[in-house]
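The block underneath contains the structure these notes are about, expressed in structure tokens.
Just so it is clear, none of the values below were taken in a lab; they were calculated from the coordinates. Keep in mind that what you see is a predicted model, and the values were worked out from it rather than measured. Counting neighbours? That spans all protein chains shown, and the Cβs are built from the backbone with ideal geometry, glycine included.
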Amino acid sequence: MVVTLSTSAVLTLLTLALYIIRRRWKKISDAESSNQMGSTEVPLVSLSEISRATNDFSVDNKLGEAGFGTVYKVNEDMY
């Protein structure tokens, strides 16, 4: 009976220790990958700002078209 309880306690502690170690490794790995990739935040830009920067979606600023829509060149002076 005592051997079974001791074995059970050791296995429980070992499982807990492995869980904690794995979590720490994952945190470190996630932090390293986010540092390598840089920021993943996308700035929010209003439609009026985009309209102004593309000169009201002028044909002169049109670069091309793809599956997700039209691509325009941005006039940085207007942005």
(message) How much length would be gained if the chain were fully extended between residue 28 and residue 51, taking 0.36 nm per residue of separation minus their Cα-Cα distance, in nm to one decimal?
(response) 4.1 nm
(message) Counting only helical runs of four or more DSSP H residues, what would the 222 nm mean residue ellipticity of the chain come to if each run contributes -39,500 (n - 2.57) and the total is spread over all its residues?
(response) -19000 deg cm²/dmol
(request) Any chance you could give the angle, 0 to 90 degrees and rounded to 10, that helix 2-37 forms with the longest Cα principal axis of the chain? (result) 20 degrees
(message) Can you compute the modelled spin-label distance between residue 7 and residue 68, with each label point 7 Å from Cα toward Cβ, in nm?
(response) 5.7 nm
